[in-house]
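Only the coordinates and a few stated rules stand behind these numbers; no lab work does. Fair warning: this is a prediction, and the values are worked out from it, not measured in the lab. When we count neighbours, we look across all protein chains shown, and the Cβ atoms used for this are built from the backbone with ideal geometry, even at glycine.
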Amino acid sequence: MMPVFTGARGGSVTDGPGQVAESIAAGVFGCLSRGVHKGFFAALVILAACGAPRPPLVASDVEITRPIPGRHMSAGFFVLENTTGTDIRITGATSSQFGAVEIHETTMEDGVSRMREIEALIVPAHGSVTLKRGGKHLMLMRGENVSASVSLQLLSDGEPVLSIEYAYPEENP
Ligand SMILES: [Cu+2]
């Protein structure tokens with residue numbers, strides 16, 4: 001009885017950790033190599049399987065200006081962080097509260113501030129991009145029912161990759 005028990009126990013102890021380490025390594029490698037390519041939902045599933053605590057894209061310091069009266073136009077500023085090992089390309093955004101959302105960049109040309117639409121916003125692997133006044137920003141046009149909050153979805157090649165919810169701060173009379 002003793003030799004059998006010891007043998008079985010010894011075998012499981014020596015094999016166990018190696019297999020676990022291998023499957024963790026495979027899972028992490030899967031996260032890094034496949035996370036973004038297959039789209040947001042696949043990335044979520046893979047990351048969840050790995051036990052990774054953070055989503056692929058994180059938005060912080062969100063500010064959306066109040067629509068300009070009569071023009072129904074707002075600008076969106078925030079920091080976008082990419083927690084994955086693959087660049088993420090933001091190609092647009094949608095919001096049910098706006099007729100159109102474009103990605104813009106403000107530049108100075110001969111001392112004059114101009115803004116133009118840009119094709120995509122690249123959030124570099126393990127890096128971030130900052131949308132700010134005088135730089136890249138979201139332009140939200142033809143706003144309706146934009147009094148208390150704004151809800152928008154960032155798209156990567158047509159697929160939603162991040163929802164942003166923004167509540168306007170209370171206005172002090
Ligand atoms: Cu603009």
_Over all directions, the average projected area of the alpha-carbon convex hull for the range 57-167 comes to how many nm²?_
7.1 nm²
*How do the peptides 131-143, 101-113, 75-87 rank, highest first, by the average count of neighbouring beta carbon atoms within 10 Å per residue?*
75-87, 131-143, 101-113
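Once you have the Cα-Cα distance between Met73 and Ala148, take 0.36 nm times their residue separation minus that, and quote the gain in nm to one decimal.
On the way: separation 75, 0.36 × 75 = 27.00 nm, distance 1.51 nm.
Answer, rounded to one decimal: 25.5 nm.
Please report the relative contact order for the range 132-173, taking Cα pairs under 8 Å with a sequence separation of at least 6, and give it as a percent rounded to a whole number.
On the way: 29 pairs, mean separation 12.6, N = 42.
Computed value for the range 132-173: 30 percent relative contact order.
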